Amino acid sequence: MVNLYFCMMLAISLSKYNRQYIVLLPPVKNNLVEEGIFVRLMYSTNNVAFNGLFIYILHETTQDISVIERDILQLYKTTKLPIYSVERHVIRSPKSVLKISGIWENDTHYGLVYKCID
């Protein structure tokens, strides 16, 4: 008997992104950043809720990607300085899924927790 496992990932196109569906959960201690916190992001529409935001990247410009990064970071209220880094990583993987898990914060800065999945 052979066990087969299928992994399915649901991702939205960049044009379907809507800021109103972003939900930021209460901050928790960040285990990777000393003296830091982590704020989990959920993307919740009327029909479905995702643990994170998954965006399919195909022919989008880096400017389109950076608009979403800035948009999400503006939702987070802090006096610290933002770090914008998603754009340069997406350039290296132009055909991928961008998974945004949340927001990290340390003593002086904050930014998105994300990864590009080929």
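Points worth noting:
- For the chain, the tally of Lys pairs with Cα-Cα distances below 26 Å comes to 14, considering only residues 8 or more apart or on different chains.
- Sorting 51-57, 34-40, 77-83 by their mean Cβ neighbour count within 10 Å, with the most densely packed peptide first, gives 51-57, 34-40, 77-83.
- Counting neighbouring Cβ atoms within 10 Å and putting the fewest first, the residues 66, 44 line up as 44, 66.
- Shown here are the Rg and Dmax of the Cα trace of the chain, at 15.2, 58 Å.
- Between the amide H of residue 102 and those of 41, 113, distances stay under 5 Å, these residues lying 5 or more places away or on another chain, with hydrogens modeled in the peptide plane.
- Remark on residue 36: its backbone amide H falls under 5 Å from those of 30, a criterion applied only to residues 5 or more positions apart or on other chains, H modelled at 1.01 Å from N.
- Crossing angle, helix 62-75 versus the chain [Cα axis fit, 0-90 degrees, rounded to tens]: 50 degrees
- Estimated 222 nm signal from helices in the chain, with DSSP H stretches of n ≥ 4 weighted -39500 (n - 2.57), rounded to 500: -5500 deg cm²/dmol
- Our summary gives the chain a relative contact order of 26 percent, counting only alpha carbon pairs under 8 angstrom and 6 or more residues apart.
Only the coordinates and a few stated rules stand behind these numbers; no lab work does. This structure is a prediction, so every number in the text was calculated from the model and none was measured. Note: ideal-geometry Cβ built from the backbone for every residue, glycine included; neighbour counts use all protein chains shown.
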